[in-house]
Amino acid sequence: MSDASVVRVAGEQPYDVVIGRHLLGHLTGMLGEGVRRVLVVHPAALATSAETVRADLVAAGYEVYLAQVPDAEEQKTAQVAAFCWGVLGQADFTRSDAVVGLGGGATTDLAGFVAATWLRGVRVVQVPTTVLAMVDAAVGGKTGINTAEGKNLVGAFHPPAGVLCDLAAVESMVPNDFVAGLAEIVKCGFIDDPRILELVEEHTALLLDPVAAASSPVLAELVERAVRTKARVVGEDLREAGLREILNYGHTFGHAVEHVERYRWRHGAAVSVGMVFVAELARLAGRLDDAVVERHRSVLTSLGLPTTYRADRWEQLLTAMRRDKKTRGDLLRFVVLEDLARPARLEGPDPTLLAAAYAEISATPQRTSGILL
Ligand code: GLY
């Protein structure tokens, strides 16, 4: 078994997030006692990895089924969930059997949701293969699918039995997907752990190359630090009753950009602009100093992430932000910073402040630059 670091997530049923390379040897331990059947949910691009997982589990005595699902958001539908439930039903999965989610954030969301709903909840072990899934989607127990009306509208809190972050998987990531995933790590740097920002500043060139980064201790430390932030937050507030909201730093504006762009922007790119917007909002509200705002721009720009957005979409963005599920009543709510690692809330900001923050991040000409698609 390889060297790996372990982050424990507290809660009713604590679990481990293991970070390292070539971690499949940990999978049987995470499945736990009494499991006989395992369903591995995976997209077509990971069919070979899924076969390897199957062979390992069969050799260890499990009865293994594979559910190959569509790529990306296409898999987060009621129809695909029903296909997985069908496989579980045909194979007589019981409450003591388990699901494995092998893939990016969409797969871990789907696999988690299937596990949460089958027989009112069976174990799920998440094996995220993208940076975004390792530091965000696979950890913390949010599971869900989309409906015609919006993303993640149907779901459940269903913490995994364990998470295996195999950094070797990052080698085959598309560079722009990899860098977009780094935006969520940078977010953890601003809201909780500024050492993350220093590491990104010291190792920018390395972080622009997923193949080099995948085997470097720098990426391992960044993923571990971001997972520690997430573990601390969700260990205290699984159901987003308070503290967990800080993980949405940059997301209110970011989700609005994703909506206005009809989900053609990468999530991390939208969150990148969203963090600069909300940093400007905090500065204009007199709560954050110029240096921290500029650090948002410098760190994100150094990674090639966008920090501006087209100037002609304010009304659409406002409408989308008002519809965001985190809005309480008619009041817009933002997670802002008062300093590095000092998150706070800003509720119902003056519309002129919002418009002024938008002006600060508006791009001329209309199109912005950076990793978007
Ligand atoms: N992605 C934000 C959360 O897990 O709460």
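The values are calculated or read from the model by the stated rules, or taken from the named source; none is laboratory data. Note that the structure is a prediction, hence the values are computed from the model and not measured. Because the Cβ atoms are built from the backbone with ideal geometry, glycine has one as well, and the counts that use them run over all protein chains shown.
Restricting the search to region 204-235, which residues are away from the ligand (no atom under 16 Å from the Cβ) and not hydrophobic (A, V, I, L, M, F, W, C)?
Taking region 204-235 as the starting set, the residues that turn out to be away from the ligand (no atom under 16 Å from the Cβ) are 204-222, 224-225.
Thr204, Asp209, Pro210, Ser215, Ser216, Pro217, Glu221, Glu224, Arg225, listed by residue number.
Only residues that are under 30 Å from Glu258 (Cβ atoms) and at pLDDT 95 or above: list them for region 71-92, please.
Quick first cut of region 71-92, residues under 30 Å from Glu258 (Cβ atoms) only: 71-85.
Matches in region 71-92: Lys76, Thr77, Ala78, Gln79, Val80, Ala81, Ala82, Phe83, Cys84, Trp85.
How many of the residues making up region 75-87 are hydrophobic (A, V, I, L, M, F, W, C), surrounded by fewer than 22 Cβ atoms within 10 Å (Cβ to Cβ) and free of Cβ contacts under 8 Å to residues at least 60 places away in the same chain?
Qualifying residue count, region 75-87: 4.
Say we look at region 185-197 and pick out the residues that are closer than 17 Å to Leu305 by Cα and away from the ligand (no atom under 16 Å from the Cβ); which of these is surrounded by the fewest Cβ atoms within 10 Å (Cβ to Cβ)?
Keep residues of region 185-197 that are closer than 17 Å to Leu305 by Cα, which gives 185-190, 196-197.
With the extra rule that they be away from the ligand (no atom under 16 Å from the Cβ), the set shrinks to 196-197.
Working: Ile196: 23, Leu197: 20.
Restricting to residues being closer than 17 Å to Leu305 by Cα and away from the ligand (no atom under 16 Å from the Cβ), the top hit is Leu197.
Could you tell me which numbered condition Thr143 fails, if it satisfies all but one of (1) touching a residue at least 24 places away in the same chain (Cβ under 8 Å); (2) over 15 Å from the mean Cα position of the chain (by Cα)?
Result: Thr143 passes all but (2).
Looking for something surrounded by 13 or more Cβ atoms within 10 Å (Cβ to Cβ), at pLDDT 95 or above and under 13 Å from Asn248 (Cβ atoms) - is there at least one such residue anywhere in region 345-358?
Yes; the residues of region 345-358 include at least one that is surrounded by 13 or more Cβ atoms within 10 Å (Cβ to Cβ), at pLDDT 95 or above and under 13 Å from Asn248 (Cβ atoms).
Here's a check for you: in region 27-67, which residue that is out of contact with any His (no Cβ under 6 Å at 6 or more places or on another chain), without any contact (Cβ under 8 Å) to a residue 60 or more places away in the chain and under 19 Å from Asp109 (Cα atoms) is surrounded by the most Cβ atoms within 10 Å (Cβ to Cβ)?
Step by step, filter region 27-67, then rank; the result is Ala67.
Taking region 220-277 as the region of interest, how many residues are surrounded by fewer than 22 Cβ atoms within 10 Å (Cβ to Cβ) and of a type in the set (Phe, Trp, Tyr)?
Residues that pass the stated criteria total 1.
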